[in-house]
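Here is the structure we will look at.
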Amino acid sequence: MFVSSPVKIRSIAIRFDGSDRWHKAVSVTDLAELLLSRRWPRSSDDAMWRTALVACLASQRSEAKAGKARKAFIKAALRAALIVKADTRVH
């Protein structure tokens, strides 16, 4: 768990393979926790997963970078063949 205040994002929900449960993220902290979950399917050469994790960690204190972290997370989730529901409304 991270100690800084959560930087909010537009919500994202993912479903891990073999599960009917949706896991919702509303902050970059949530994104990082999902990326680090044991359920996340990753290989040692998964550059998109690493890019997403670095983006999430870098945006822990910057709302300006949160959008980049969200986009990187979505790319990594799609690469991992996860089902993604993303709130795409413009705020």
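The residues of the stretch 8-25 that are surrounded by 15 or more Cβ atoms within 10 Å (Cβ to Cβ) and closer than 13 Å to Phe73 by Cβ, listed by number, are Ile9, Arg10, Ser11, Ile12, Ala13, Ile14, His23, Ala25.
Output yes when any residue across the stretch 75-91 is under 12 Å from Val7 (Cβ atoms), open to solvent by 20 Å² or more (accessible area, probe 1.4 Å), in a helix (DSSP H, G or I) and without any contact (Cβ under 8 Å) to a residue 60 or more places away in the chain, and no when none is. No, that holds for no residue.
Output the number of residues of the stretch 26-46 satisfying the condition of being outside any loop (DSSP other than H, G, I, E, B) and either open to solvent by 90 Å² or more (accessible area, probe 1.4 Å) or hydrophobic (A, V, I, L, M, F, W, C) (or both).
Within the stretch 26-46, the subset outside any loop (DSSP other than H, G, I, E, B) is 26-35.
Pick out the ones that are also either open to solvent by 90 Å² or more (accessible area, probe 1.4 Å) or hydrophobic (A, V, I, L, M, F, W, C) (or both) and you get 26, 28, 31-32, 34-35.
Of the residues in the stretch 26-46, 6 are outside any loop (DSSP other than H, G, I, E, B) and either open to solvent by 90 Å² or more (accessible area, probe 1.4 Å) or hydrophobic (A, V, I, L, M, F, W, C) (or both).
Only residues that are within 20 Å of Val7 (Cα to Cα) and among the charged types (D, E, K, R): list them for the stretch 20-74, please. Within the stretch 20-74, Lys24, Asp30, Glu33, Arg50, Arg61, Glu63, Lys65, Lys68, Arg70, Lys71 meet the criteria.
The values are calculated or read from the model by the stated rules, or taken from the named source; none is laboratory data. For clarity, every value in this text was computed on a predicted model and none was experimentally measured. As a convention, Cβ positions derive from the backbone with ideal geometry for all residues, glycine included, and neighbour counts pool all protein chains shown. In case anyone asks, the SASA skips ligands and DNA or RNA and just uses the protein heavy atoms, side chains included. Shrake-Rupley method; radii C 1.70, N 1.55, O 1.52, S 1.80 Å.
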